[in-house]
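No lab work stands behind these numbers, since they all come straight from the coordinates. Model, not experiment: these values are computed from the prediction. Cβ: placed from backbone, ideal geometry, glycine included. Neighbour counts: every protein chain shown.
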Amino acid sequence: MKLSYSKAVVFLIFISAVFIKMSDKNFGRQGNYGVVDWDNFGYYLYLPAVFIYDDLKLQDEETIIHIQNKYDLSTSYYQAHRIHNGNRVIQYTSGLAIIYSPAFFVGHFWASLSSKHAVDGFSFPYQFSILIEAFLILFLGLFYLRKFALSFFSEKATILILIVIGFGTNFLQLASINVSSPHIVLFTAYCVALYYTYAWHQNPSNKNILIVATVIALMTLSRPNELLFVIIPIFWIGGVFGSLKEKLRFVLKNPIQIVLAAVPFLIFGVIQPFYWQYISGEWIFDTYVNEGFKLLDPYIIEFLFSFKKGWLLYTPIMAFSFLGFIFFYKKNKALFYPFLVFAVFNIWILSSWDCWWYAGSFSQRAIVQSYPVFILPLGYLLDYEFKNNGLKLFIYALLGLLLFFNLFQTYQFNKGVIDASRMTKAYYFATFFDVTPDDEKKILLEPARDISYIPDHEKLNRFIIYKDSFSEVDSLKRIADSQNNYHEGSLILSSERGSSKSFSFPYSQYCDTTYAYFVARIRYRSEYEAKENPFGIVVETKDSRSGKRYKYVYRGVEHIDWFEKGSWSSMDLVFIPPYLRSKQDSLTFYLYNFGGKPVEIDQFYIELLEPSSTPKINKKQYFNDYHTLKIGDWSKENNLVLDKGYEQIDSTYKFSSTLTISTNELTSSKLKFEFRGLALEKENSEIYAVVEIKKNDGEQIYYKSFKVDSEIAWGKQSFLFSLPSNLSQGGVLKAYLYNARTSPYLIRQLDVEN
């Protein structure tokens, strides 16, 4: 019997995936075998929720969190969301749970017979059974990928196709480390659906159409966007059908085929709506509460080419499949159109997802399942090269180089050199040849946005962007507050008013960089224990186009150790915005009292910490240090102290030297106001940094003030003012310090930057 090298390649890919999985240093650590963790946990959760815990509404949150911690399945319970009625709805649809149900029941039977393993849905018998089924699914996918390729191409071309997909793309990394993921299951589904679509067009039997419909229905129940695949079988022309009219005529004459195609969609199509109705009371329910699609404004460039997670940057060998569409058109025009339409719309939809980088993965994992669609253009390209001896050697050499490149980067990813979600151009090239992680180079990565502290290596400029001491001097309108929520310069949060006034702004209003740090701090006093009356600081990030919140952070008194009932204390929250979908996305800060019992807030301010490497292009700076430097139109110092270069503002001179700028000179809508000063009597000091803008006719169109911290002696204080974006021509901006008390305040330096 003649040896089939294409079969050997199938086994080689399969064995390689098994070997990489088993040799992973994290395999089996803390009872986690990498099959039901992270996102996979959510896809699988239906099974134990129904058949073990009888809690499909997931009301017993403690049990789920205990399971996650016990087996180290994920760092947070993000896979299901609390909704309006108190239930939790699983974020993912149930198709994968149905597919893995045989393995679940085997594992459940095994665990039930054993006194060694917990009958909890996640112990070793369950995970091992799912792992075996996942590898069987993988092998089935490779088997049908080969069969489909051989239906169009020679043994030699099929071997190359298998090698390119198996070793030249991110398929290998996903098929090994994350073999139970929906992407590998769907990869197999694509292979089976494509082969039986081809088979039905050769022999339009009831069996073939039932297989195609069942597979597509399960694909759709696993990930609804996979319904797009129906474009290919519907518009496929070939085999016994020379046109769409012939195919339609055949189907109408054989209505049993319509029934067989519809039944799987009816069976699997009702499962998810019934689940949503049971959990939420709604037949259609958006479970992605923090994410969505931008179908009219996709992230195509980022999806394909970005250093963060560009598909063709990290998997460049797939560029051959795009080139292959040229030869696909020449060789098989009938199939060219449905395959091209699917490829375009598939990439469009995948890049429309708000989290277009698909979190922790090597290259773009969401496109792996559709790789079988790309083997036809790839195969027609390779088939052309076999007939062109002049290009054959060059193409072989280039394919070999790209294969090595992918295997090397797969190794880098598995070793932790290539980061799963924080890659940057600088880090990519700095680690291009590295085989082990270098902690020093990691400062070139995007910031770790899930941390709650400021890294030591960061060099940051600090600016106050919001400050409220809740006094009548800060906001005179509070005198008329009918609800009496302010008392002796403090804000009272209670059951009548549980939240403070929010401070909301577009990210771009204060930040020029792609990231920054924010510190929100309060001074508070409560007569109740922290757990009895929790309250604290809330930050939300909202999408500028949809208005949907996609990041929520809360830090309260119940999370700190130094809370002392009845005493004044301080608490802060360090917030790093998530990877923004747009710089116009907004941040909102506010205080919230979850307990409802009165709490007194004396101070609430927000500090922006901006990277010091921010470019200073087109920036204008104005200085006044009262000694040797004076840049800008500053009014004459009113009261110099002992000729030492200090200006004093007091009951006689309430206003400092004032900078006057024509609005025509302004280069941006941000104005940074820094100074150094000293309060001679700290307790009796009340100083404000003020920026105002007036039209030429004297009408005031902007006024904002920040209260100065009188405890800081000669230390630099910085405030960031966000100016109106549509300033009228010919207006005048003034910046100065104002003394609201009689106690003297000394000023050594004023610095304004725009």
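Taking 0.692 mPa s as the viscosity and 37 °C as the temperature, the Stokes-Einstein diffusion coefficient of the range 21-134 based on its alpha-carbon Kirkwood radius rounds to 230 µm²/s. Over all other residues within a Cβ to Cβ distance under 13 Å of M571, the charged ones net out to -1, with Lys and Arg as +1 and Asp and Glu as -1. Remark: the range 706-720, residue by residue, has Karplus-estimated 3J(HN,Hα) of 10, 7, 7, 7, 6, 6, 8, 9, 6, x, 6, 10, 10, 10, 10 Hz, where x stands for each Gly or Pro and the curve is 6.51 cos²θ - 1.76 cosθ + 1.60 at θ = phi - 60°. Give, as ranges by residue number, the residues of the range 715-754 whose backbone N falls under 15 Å from the point 7 Å along Cα→Cβ of I454. Residues 716-720 qualify, since their backbone N sits under 15 Å from the label point.
Based on DSSP loop calls and a cut-off of at most 11 other Cβ atoms within 10 Å, the longest stretch of the chain free of exposed trypsin sites (Lys or Arg not before Pro) is what? So the longest stretch without any such site is 117-386. What you get for the range 5-415, charging only the Cβ of Lys and Arg (+1) and of Asp and Glu (-1), is a dipole of about 1500 debye around the Cα centre. Across the cross-link table entries K459/K531; K57/K294; K619/K654; K459/K565; K542/K672; K597/K672, which are compared at the Cα atoms, the separations over 28 Å belong to K459/K531; K57/K294; K619/K654; K459/K565; K597/K672. Sequence-distant contacts, meaning Cα pairs under 8 Å at least 6 residues apart, place the relative contact order of the range 480-580 at 31 percent. By how many degrees, between 0 and 90 and to the nearest 10, does the Cα long axis of helix 155-168 differ from the longest principal axis of the chain? Computed tilt is about 20 degrees. Given their separation in residues at 0.36 nm each and the Cα-Cα distance between them, E527 and Q277 gain 85.6 nm when the chain is fully extended. For the chain, find the longest principal axis of its Cα atoms and tell me its angle to the long axis of helix 124-150, 0 to 90°, nearest 10. On a 0 to 90 degree scale, this one is about 60.
Mean separation of Cα pairs under 8 Å and 6+ residues apart, divided by the residue count of the chain: what relative contact order is that in percent?
Values: 1359 pairs, mean separation 71.9, N = 754.
That works out to 10 percent.
Dipole orientation for the chain: of the candidates L491, T315, F293, T315 has the Cα lying most toward the positive pole (charges on Cβ; Lys, Arg +1; Asp, Glu -1). In a fully extended conformation the segment linking S569 and Y288 would gain 97.3 nm over its present Cα-Cα distance, using 0.36 nm per residue. Compactness of the range 460-611 is given as radius of gyration and Dmax, 15.9, 44 Å, from Cα positions. The Cα-based radius of gyration and maximum Cα-Cα distance (Dmax) for the range 69-223 are 18.7, 59 Å.
Once a ≥ b ≥ c are taken as the square roots of the eigenvalues of the Cα gyration tensor of the range 254-405, is the result rounded (a/c under 1.5), prolate (a/b larger than b/c) or oblate (a/b not larger than b/c)? Before the final figure, lay out each step's value.
Details: a/c = 2.96, a/b = 1.51, b/c = 1.96.
Oblate, since a/c reaches 1.5 and b/c is not below a/b.
Where a ≥ b ≥ c are the square roots of the eigenvalues of the C-alpha gyration tensor, would you call the range 236-334 rounded, which needs a/c under 1.5, or, failing that, prolate if a/b is larger than b/c, or oblate? It is oblate, given that a/c is not under 1.5 and a/b is not larger than b/c. Measuring r between the beta carbons of L295 and V341 and using R0 = 22 Å, the FRET efficiency lands at 0.85.
With charges set only on the Cβ (+1 for Lys and Arg, -1 for Asp and Glu), what does the dipole of the chain come to about its Cα centre, in debye to the nearest 20?
On the way: 74 positive and 70 negative charges, 663 e Å.
Here the chain has a charge dipole of around 3180 debye.
Projecting the Cα atoms of W356, L140, F122 onto the dipole axis of the range 5-415, where Lys and Arg carry +1 and Asp and Glu carry -1 at the beta carbon, places L140 farthest toward the positive end. The radius of gyration of the Cα set in the chain, together with its Dmax, comes out at 32.1, 107 angstrom.
Partner lysines whose Cα lies under 30 Å from the Cα of K245, excluding those fewer than 8 positions away in the same chain, are identified as K147, K207, K253, K330, K331, K333.
Every Cα-Cα pair of the range 5-415 was included, and the share exceeding 32 Å stands at 37 percent.
Where does each of L174, L194 land when they are ranked from fewest to most other beta-carbon atoms within 10 angstrom? Provide the component values of the computation, followed by the final result.
Working: L174 23, L194 27.
In increasing order of surrounding Cβ atoms, one gets L174, L194.
For the range 439-446, backbone phi angles converted through the Karplus equation (6.51, -1.76, 1.60; θ = phi - 60°) give residue-by-residue couplings of 4, 5, 6, 5, 5, 7, 6, 4 Hz, Gly and Pro being listed as x. Residues H457, H108, arranged from fewest to most other Cβ atoms within 10 angstrom of their Cβ, appear as H457, H108. If you plug the beta carbon distance of F432 and K704 into 1/(1 + (r/R0)^6) with R0 = 56 Å, you get a FRET efficiency near 0.70.
Dipole size of the range 460-611 about its Cα centre, with +1 on Lys/Arg Cβ and -1 on Asp/Glu Cβ: approximately 640 debye, rounded to the nearest 20.
Using only DSSP helix segments of four residues or longer, with each worth -39500 (n - 2.57), what per-residue ellipticity at 222 nm results for the chain after dividing by its residue count and rounding to 500? Before the final figure, lay out the partial values.
Values: 22 runs with 273 residues, N = 754.
Using -39500 (n - 2.57) per qualifying helix, the result is -11500 deg cm²/dmol.
Measure nothing fancy, just the Cα-based angle from helix 182-202's long axis to the longest principal axis of the chain, in degrees from 0 to 90, nearest 10. On a 0 to 90 degree scale, this one is about 40. Cβ-Cβ distance of E440 and L3, R₀ of 56 Å, FRET efficiency by 1/(1 + (r/R0)^6): the value works out to about 0.65. Each principal axis of the Cα atoms in the range 621-753 has its own extent, and those three values, largest first, are 41, 30, 25 angstrom.
When the square roots of the Cα gyration tensor eigenvalues are ordered a ≥ b ≥ c, the ratio a/c for the range 534-594 is 1.5 or more and a/b exceeds b/c, which makes its shape prolate.
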